[in-house]
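Here's the structure we're looking at; comments come further down.
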Amino acid sequence: MRRAFVSGLLAAALLLPVAAMAQPYPNRPVRIVVPFPPGGGTDSQSRAFAEALATQLGQRVIVDNRPGAGGNLGTDVVAKAPADGYTLLTGGPNIINTRYLIRDTPYQWERDLEPLGMMFSSVNVLVVHPSLPVRTVPEFIAHARANPGRLNFASAGAGGSIHLSGEMFMKMTGTEMVHVPYRGDALARADLTNGAVQVMFNTIATSIEPIRAGHWRGIATTGSTRAAALPELPTIAEAGLPDYLVLSWMGLFAPKGVPDPVVARLRQAFDAVFADASNRASFERLGVDVTPSSAADHLAFMRAQEATWAPILRTIEPQ
């Protein structure tokens, strides 16, 4: 009897991993890596999405901030994670662009990451410290041309839309400013407020309050039409640079190779999140446009973005 009892225990132990594997996804918490510090736009949007996704998946969704190297550190964590659907990534232009700007970028997005869907987009706003004697785009261009290399423009890290907004502006106007990358936009915003840097092409969601309070001066926005949140500001295009357009965007990613049934479950939950009107209203209160897409459209969008930006990025000396 004892031998039979032990044999039964061994058989049960052998079956435990199989039973665990047989449980439907997800059977434990899911982690979303945010490759920037807490307090910025990417973080707040990711947390709002994670809360809504948890409801749809029936599991906790944990936000894990992994800042550093222009988003490379957190992105690489996901690129090297097990392809089981339990580690996801929220990211934007930095995922494409850092390989042009940072030597030895440890991942290649097409090889290592699976785009699951676009989520949000927004415009940036050109803001300056109030001590700068400019109020319009032409005045800003004239001042920058008269002071080559003397203006510092802050960003949340190399390769993000805040950085790219400044690079495109310099290329189109023939101006020269010094790029100062930070480990996230919260630190950059603090230095713009105290005057350590003079210029930033910041996200609109985190610019409204300091503009209204007089800590910053808003000059123009980077979209194709005026922003509803700051309708008094012209676009850079209408203020004198008709071909200027830069959007900030965010998508959801997984490591390459996640099994099709897991991707299907994630996409089911993803679609349900964005089909919910209360979720969409909550996201819009963060100052973003809600722009969910299919995985295929997300991939096509990223390829188009790389084709647009690569010629500009190749002119920048990598770090």
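The values are calculated or read from the model by the stated rules, or taken from the named source; none is laboratory data. Remember, predicted model here, so these are calculated numbers, not experimental data. Note that each Cβ is placed from the backbone with ideal geometry, even for glycine, and that neighbours are counted across all protein chains shown. For the accessible areas, the whole protein counts, side chains as well, though only heavy atoms, and no ligand, DNA or RNA atoms are used. Shrake-Rupley method; radii C 1.70, N 1.55, O 1.52, S 1.80 Å.
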Counting only residues that are open to solvent by 10 Å² or more (accessible area, probe 1.4 Å) and among the β-branched types (Val, Ile, Thr), region 245-273 contains a total of 3
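Scan region 31-72 for residues that are on the phi < 0 side of the Ramachandran plot and either part of a strand (DSSP E or B) or of a type in the set (Gly, Ala, Ser) (or both) and report the count.
Of region 31-72, the ones on the phi < 0 side of the Ramachandran plot are 31-38, 40-57, 59-67, 72.
Now drop any that are not either part of a strand (DSSP E or B) or of a type in the set (Gly, Ala, Ser) (or both), which leaves 31-34, 40-41, 44, 46, 48, 50, 52, 54, 61-65.
So the count comes out to 17.
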Mind listing whichever residues of region 169-181 are in contact with a helix residue (DSSP H, G or I) (Cβ under 9 Å, 6 or more places away or on another chain) and within 13 Å of residue 200 (Cα to Cα)?
169, 170, 177, 179, 180, 181
In region 43-59, residue nearest to residue 265 (Cα to Cα) [restricted to those that are open to solvent by less than 40 Å² (accessible area, probe 1.4 Å) and under 14 Å from the mean Cα position of the chain (by Cα)]:
49
Could you tell me which numbered condition residue 234 fails, if it satisfies all but one of (1) open to solvent by less than 50 Å² (accessible area, probe 1.4 Å); (2) in contact with a helix residue (DSSP H, G or I) (Cβ under 8 Å, 6 or more places away or on another chain); (3) assigned by the TED database to the domain that holds residue 87?
(3)
Checking the structure you have, find out if any residue of region 152-162 is of a type in the set (Phe, Trp, Tyr), surrounded by 19 or more Cβ atoms within 10 Å (Cβ to Cβ), closer than 23 Å to residue 98 by Cβ and under 29 Å from the mean Cα position of the chain (by Cα).
yes
All positions within region 68-111 that are surrounded by fewer than 18 Cβ atoms within 10 Å (Cβ to Cβ) and acidic (Asp, Glu):
84, 104, 110
Could you tell me which of the residues 257, 218, 223, 287 is touching a strand residue (DSSP E or B) at 6+ places or on another chain (Cβ under 9 Å), outside the structural domain of residue 160 (by the TED database) and over 30 Å from residue 83 (Cα atoms)?
287
